[in-house]
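Down below is the structure, laid out as structure tokens.
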Amino acid sequence: MSVATQLGLGDPESHVLAMARSRWPGWVSAHPVLGVVEDLLELPAWLRQADRDDADMVLLTLAELSSPEGGDDVAATGALAWVLLPGVSLLASRMFTLSPRIDQMLAAALWMEARTFRWQRGHRVAANVLMNARKAVMRDLGVGAAADPTWARTIPVAPTERIWEAMPAEPSESAETPETSAQQELAELLDWASAGGVITDEDRSLLVDVAQTADRQRTVRSGRGHAGLLGNDVSAEVAGRRGVAAITVRRHTSRAIQALRDAVGATTAQVPA
């Protein structure tokens, strides 16, 4: 069962979407930024070709209408969740091995994030809603960096158990090496960025290729401030595999890295001090 089906959003004539469509003219009247389309059903196509900032303003307005601190309208929650379904469906396809209930878990997390997004000072709505939904599911499953690093590896043992007598004086090191942790964090970052539209799937593939090549070559510096990812040897090797010029690899890599920096910076800016 898909995420859309779990949320009851698989059919444009479903109750929630029908209610959102009927309220769309009123929303447009109160929030002219939504006037980019006449019907809610036209919104996904508009979002795909819209300027990123313009699209974000539309999604932010839906988040405001959805929030209990804004319009408190569950129809807007449904509309926001509906337009974000392509991203969360991509997450589901990449996380399906984690749980047979992954669609159900992502559906619940998506609805919660769409309902409670902090629109007052938020932006990058799609990327942040999807990132937070993914983190919530990973945390619930006790998987990855989103899980509590202590309790995820804790086994309750009664004080009377004799195992305490055999405990070493120094705590043992985590089974997860720094290298494994870094790889996992990179994969999570790229999954989030790809699902949220920060980078394309092609960008993701290129960044993985470049990172693996740089690691294999043990490139440390490139003179460009990108930890060796834009090194000449790295670009040449990747370009040879992909049948393009090395400068093309560097240009696309640099653009994708900058998009990630901007998105992560925007996300960090939302966290209160």
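Based on this model, can you work out whether residue 10 counts as in a loop (DSSP other than H, G, I, E, B) and either in contact with a Leu (Cβ under 6 Å, 6 or more places away or on another chain) or touching a residue at least 40 places away in the same chain (Cβ under 8 Å) (or both)?
Criteria not met by residue 10.
Looking at (1) at pLDDT below 90; (2) surrounded by 16 or more Cβ atoms within 10 Å (Cβ to Cβ); (3) aliphatic (A, V, I, L, M), find the lone condition where residue 155 falls short.
Tallying (1) at pLDDT below 90; (2) surrounded by 16 or more Cβ atoms within 10 Å (Cβ to Cβ); (3) aliphatic (A, V, I, L, M), residue 155 fails exactly one: (2).
Among the candidates 173, 188, which residue alone is modelled with pLDDT under 75 and under 21 Å from residue 126 (Cα atoms)?
Sole residue among the options that is modelled with pLDDT under 75 and under 21 Å from residue 126 (Cα atoms): 188.
Would you check which residues across segment 208-236 are at pLDDT 70 or above, surrounded by fewer than 17 Cβ atoms within 10 Å (Cβ to Cβ) and among the hydrophobic types (A, V, I, L, M, F, W, C) and list them?
Result: 208, 236.
Restricting attention to segment 83-96, does a residue exist that is surrounded by fewer than 24 Cβ atoms within 10 Å (Cβ to Cβ) and part of a loop (DSSP other than H, G, I, E, B)?
yes
Between a residue in segment 59-88 that is more than 12 Å from residue 34 (Cβ to Cβ) and any residue that is among the hydroxyl-bearing types (Ser, Thr, Tyr) and surrounded by fewer than 20 Cβ atoms within 10 Å (Cβ to Cβ), which pairs come within a Cβ distance under 6 Å, given they are 6 or more apart or on different chains?
none
I'd like to verify a number: residues in segment 58-82 that are over 11 Å from residue 119 (Cβ atoms) and in a helix (DSSP H, G or I), how many?
Residues in segment 58-82 being over 11 Å from residue 119 (Cβ atoms) and in a helix (DSSP H, G or I): 8 in total.
Of (1) within 16 Å of the chain's Cα centre (by Cα); (2) assigned to a helix (DSSP H, G or I), residue 122 satisfies all except one. Which?
Of the numbered conditions (1) within 16 Å of the chain's Cα centre (by Cα); (2) assigned to a helix (DSSP H, G or I), the odd one out for residue 122 is (2).
Identify, from the list 92, 107, the residue that is within 21 Å of residue 65 (Cβ to Cβ) and in the same structural domain as residue 25 (by TED's automatic domain parsing).
That would be 107, the only listed residue that is within 21 Å of residue 65 (Cβ to Cβ) and in the same structural domain as residue 25 (by TED's automatic domain parsing).
Being among the polar types (S, T, N, Q) and part of a helix (DSSP H, G or I) is the filter here; which residues of segment 13-41 pass it?
Hits for segment 13-41 are 22, 29.
Name the pairs: first residue in segment 35-49 and assigned by TED's automatic domain parsing to the domain that holds residue 10, second residue charged (D, E, K, R) and assigned to a helix (DSSP H, G or I), Cβ to Cβ under 6 Å, at least 6 apart or on different chains?
Pairs found: 40/21.
The values are calculated or read from the model by the stated rules, or taken from the named source; none is laboratory data. Since this is a predicted model, take the numbers as computed values, not measurements. Note: ideal-geometry Cβ built from the backbone for every residue, glycine included; neighbour counts use all protein chains shown.
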